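Only one structure is covered here, and it is reproduced in the block below.
The values are calculated or read from the model by the stated rules, or taken from the named source; none is laboratory data. Given the structure is predicted, the values throughout are model-derived calculations rather than measurements. All Cβ positions, glycine included, derive from the backbone under ideal geometry; neighbour counts span all protein chains shown. Side chains are part of the model used for accessible areas, which takes the heavy atoms of the whole protein and leaves out ligands, DNA and RNA. Shrake-Rupley method; radii C 1.70, N 1.55, O 1.52, S 1.80 Å.
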Amino acid sequence: MSRRIVTVLACLALGACGVLKPVDLARMPQGTYGPGVDVDEGAIYTAEGAFNGDYPKPTDPAKLALALASVEYLGGEYSAGGRWGEINAIVPVKLLQGGAEIRRTLGVAPDATSQQVVDSLLAVYHANGQAAQLAALSSPIYTLGAQATLDRLKVLPPLPETQSAVVYASHHLFDSDHRPYTNRPG
């Protein structure tokens, strides 16, 4: 009898695991933050620069698009473990919450993948002029429309969850000398 209960409980536990969604990972191209710059480190530095103490502020939509793509990328990257598997478990949770706040603010469709968001925001970053930025945002993943989304990138409303996530992540990912914990000398 007890064996049957254990089997049923095990099946229920395994079934419950099936409802967990896998981490939605995006890839950030090498060289995004400059030649030889580590993608993860470049992403956190870029996000940190955009969400520092005097945020929010009117900004260049291209630079902000790169910072928002960085937060989207980092949420998945740190949730997947790997290189960052030893960090405080709250860091990936906060980054995912920040990414969700960004998605709500930009009107990103709920079924959009992280890679679609990153790719379109990188296209805004690399765009040459407003017409090209609007073209990059004309994807159906942006439910507000290209112009309204670009307007939000020009003057972003406050994103307190994102700002908190970036500050928290930076604090936990870098030591007091601002070196990544993974690269500290012995």
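May I ask you to list the residues in the range 26-36 that are open to solvent by 60 Å² or more (accessible area, probe 1.4 Å) and modelled with pLDDT of 90 or more?
In the first step, residues of the range 26-36 are kept if they are open to solvent by 60 Å² or more (accessible area, probe 1.4 Å); the result is 27, 29-30, 35-36.
Scanning the range 26-36 gives R27, P29, Q30, P35.
In the range 100-118, what residues are under 21 Å from L64 (Cα atoms) and either without any contact (Cβ under 8 Å) to a residue 60 or more places away in the chain or among the aromatic types (F, W, Y) (or both)?
Initially, the range 100-118 is screened for residues under 21 Å from L64 (Cα atoms), giving 100-109, 112-118.
Matches in the range 100-118: R103, R104, T105, L106, G107, V108, A109, A112, Q116.
Any idea which of V71, V39, V23 is modelled with pLDDT of 75 or more, in contact with a Gly (Cβ under 9 Å, 6 or more places away or on another chain), of a type in the set (V, I, T) and farther than 21 Å from Q133 by Cβ? Full working, then the answer.
On the way: V71 fails: farther than 21 Å from Q133 by Cβ; V23 fails: modelled with pLDDT of 75 or more.
Criteria check complete, one pass: V39.
To keep it simple, each residue is scored yes or no on (1) at pLDDT 95 or above; (2) out of contact with any Lys or Arg (no Cβ under 9 Å at 6 or more places or on another chain); (3) within 22 Å of E77 (Cα to Cα).
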| residue | (1), (2), (3) |
| --- | --- |
| A112 | yes, no, yes |
| V117 | yes, no, yes |
| L134 | yes, yes, no |
| P158 | no, yes, no |
| V166 | no, no, yes |
| D175 | no, no, yes |
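Out of the range 148-166, which residues are open to solvent by 80 Å² or more (accessible area, probe 1.4 Å) and more than 17 Å from the chain's Cα centre (by Cα)?
Those that are open to solvent by 80 Å² or more (accessible area, probe 1.4 Å) and more than 17 Å from the chain's Cα centre (by Cα): R152, V155.
Can you name the helices (runs of 4 or more DSSP H) wholly within the range 53-133 that have at least 1 residues being within 16 Å of M28 (Cβ to Cβ), open to solvent by 50 Å² or more (accessible area, probe 1.4 Å) and not aliphatic (A, V, I, L, M)? Show your work before the answer.
Working: elements: 61-79, 90-106, 114-126.
Qualifying helices (runs of 4 or more DSSP H): 61-79, 114-126.
Within the range 154-172, is there a residue that is without any contact (Cβ under 8 Å) to a residue 24 or more places away in the chain, in contact with a Phe, Trp or Tyr (Cβ under 8 Å, 6 or more places away or on another chain) and not in a helix (DSSP H, G or I)?
No, every residue in the range 154-172 fails to be without any contact (Cβ under 8 Å) to a residue 24 or more places away in the chain, in contact with a Phe, Trp or Tyr (Cβ under 8 Å, 6 or more places away or on another chain) and not in a helix (DSSP H, G or I).
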